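Report on the following structure.
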Amino acid sequence: VSTDVNTISPELPAMFDGMKLAAVATVLYIIVRCLNLKSPTAPPDLTYQDTPLNRFLLKSCPQLTKEYIPPLLWGKSGHLQTALYGKLGRVSSPHPKGIRKYLPMQDGATATFDLFEPLGDHRTGDDITMVICPGIGNHSEKQYIRTFVDHAQNDGYRCAVLNHLGALPNMELTSPRMFTYGCTWEFGAMVGYIKRAYPQTQLIVIGFSLGGNIVCKYLGENRVNQERVLCCVSVCQGYCALRAQETFLQWDQFRRFYNFLMADNMKKIILSHRHSLFGSSFKMMDANLSRLYTATSLMQIDDNIMRKFHGHSSLKEYYEKESCVHYIHNVNVPLLLVNAADDPLVHDSLLSVPRTLAAKKPNVIFALTLHGGHLGFFEGAVLFPQPLTWMDKVIVGYANAMCQWEKQKPPCHIV
């Protein structure tokens, strides 16, 4: 019996179809897993004590109790939220007009901040200034800061935004020092200026990421720093640098990769100021630059360069002294601490600090969203995010509630 060698077995097309189906299913599974599409949406997980003020704040600031709904297709991925914030900043970012102020510091440094006047009256009729500290290496020209400032101005707030020492492009340093993880000198100088220039104003203190560490440390360093402060909001900070550095060397959530990217950004900032920072001695400059070029993590840069600006003898001492974890328990003004559970930069183990603090202290609310990434918190229907984020709305909503509470509080009578 002869057989035709060209005859294809009838099972083969079915097998190819099965393989295609399996390949499509695998790709879809990976997309669903990577984009975290099956993750539910939920209101923030809140830790707080049941006090009249906290009840009022939660009732008056609906963002804290309603679902945060990120864009459907990509908003449940902390990595994509973080990447979009990192590369795009914000969508359709406005350009608020401010005045740049220059403050000479005692060590010869020049602190700068941008001042933005309100675009209308505040709802309470009061004079309120938001004093804002941005994230690592950031300044008033960053898109997320511009978006937030414009939103706050439209609600009747004056805004003062610190430009981290050395972060502004085309702004030379005037001393051999730049911003560090927890130095509060420049922020304190800005707050002092605002208090002197506007004797009637009350302050709302706001910090983003590294800025959250700085503002909480500033308020906790000295009780005087809390005078005329209505409240404080910190978003996406890590609280304890010593504990954070261990997590930054781990590969889960690609933290080691983010560490490398942030170190690369810090290198660029330091190199742009190498003559101001390392002086005219070529030997000293070469030694510092060779250590800088070979660094692949923030910890190496901190150890070789940053800690020396304030004379810390070791990296451990630098992180201990510059972390707000040792000061935040001294903060007695109302304090809102916001983090996202899918923030790839802030490991879950660091969140025991705000959780414990909120359980112990009646002035603290800790809000943990399921999604949002690192300073993302984009909102939108399916694909395209809205210009304003949940983060912008919750800060202004909390600030409005605090101002309302202060306004309706009965005045203290001295007997």
* Asked: Which ones in segment 335-352 are more than 20 Å from G75 (Cα to Cα) and open to solvent by less than 20 Å² (accessible area, probe 1.4 Å)?
  -> L335, L336, L337, L350, L351
* If a residue has to be more than 22 Å from S314 (Cα to Cα), in contact (Cβ under 8 Å) with a residue 60 or more places away in the chain and aliphatic (A, V, I, L, M) to count, how many in segment 262-291 make the cut? -> 1
* Asked: Name the residues in segment 185-203 that are more than 22 Å from Y398 (Cα to Cα) and either modelled with pLDDT under 95 or of a type in the set (A, V, I, L, M) (or both), would you?
  -> A189, M190, A197
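Rundown of residues vs (1) in a helix (DSSP H, G or I); (2) touching a residue at least 40 places away in the same chain (Cβ under 8 Å), yes/no style:
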residue	(1), (2)
V333	no, yes
L337	no, yes
P344	no, yes
V353	yes, yes
T356	yes, no
F378	no, yes
L383	no, yes
Y398	yes, yes
M402	yes, yes
* Asked: Do we have any residue at all in segment 374-396 that's in contact with a strand residue (DSSP E or B) (Cβ under 6 Å, 6 or more places away or on another chain) and either open to solvent by 30 Å² or more (accessible area, probe 1.4 Å) or closer than 14 Å to L57 by Cβ (or both)?
  -> yes
* Structure fact -> Heads up, the helices (runs of 4 or more DSSP H) in segment 204-278 (entirely inside) with at least 2 residues that are over 22 Å from I132 (Cβ atoms), open to solvent by less than 10 Å² (accessible area, probe 1.4 Å) and not assigned by the TED database to the domain that holds Q153 are 255-272
* **segment 58-83: number of residues that are touching a strand residue (DSSP E or B) at 6+ places or on another chain (Cβ under 7 Å) and at pLDDT 95 or above** => 3
* Could you check how many residues of segment 301-321 are open to solvent by 20 Å² or more (accessible area, probe 1.4 Å) and more than 22 Å from the chain's Cα centre (by Cα)? => 12
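A quick yes/no check of all residues on (1) among the hydrophobic types (A, V, I, L, M, F, W, C); (2) surrounded by fewer than 20 Cβ atoms within 10 Å (Cβ to Cβ); (3) under 18 Å from the mean Cα position of the chain (by Cα):
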{"residue": "S77", "(1), (2), (3)": "no, no, yes"}
{"residue": "L80", "(1), (2), (3)": "yes, no, yes"}
{"residue": "H95", "(1), (2), (3)": "no, yes, no"}
{"residue": "I99", "(1), (2), (3)": "yes, yes, no"}
{"residue": "P104", "(1), (2), (3)": "no, yes, no"}
{"residue": "T112", "(1), (2), (3)": "no, no, no"}
{"residue": "G137", "(1), (2), (3)": "no, yes, yes"}
{"residue": "E141", "(1), (2), (3)": "no, yes, yes"}
{"residue": "T147", "(1), (2), (3)": "no, no, yes"}
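The values are calculated or read from the model by the stated rules, or taken from the named source; none is laboratory data. This is a predicted model, so every value here is computed, not measured. Counting neighbours? That spans all protein chains shown, and the Cβs are built from the backbone with ideal geometry, glycine included. For accessibility, only protein heavy atoms count, side chains too; no ligands or nucleic acids. Shrake-Rupley method; radii C 1.70, N 1.55, O 1.52, S 1.80 Å.
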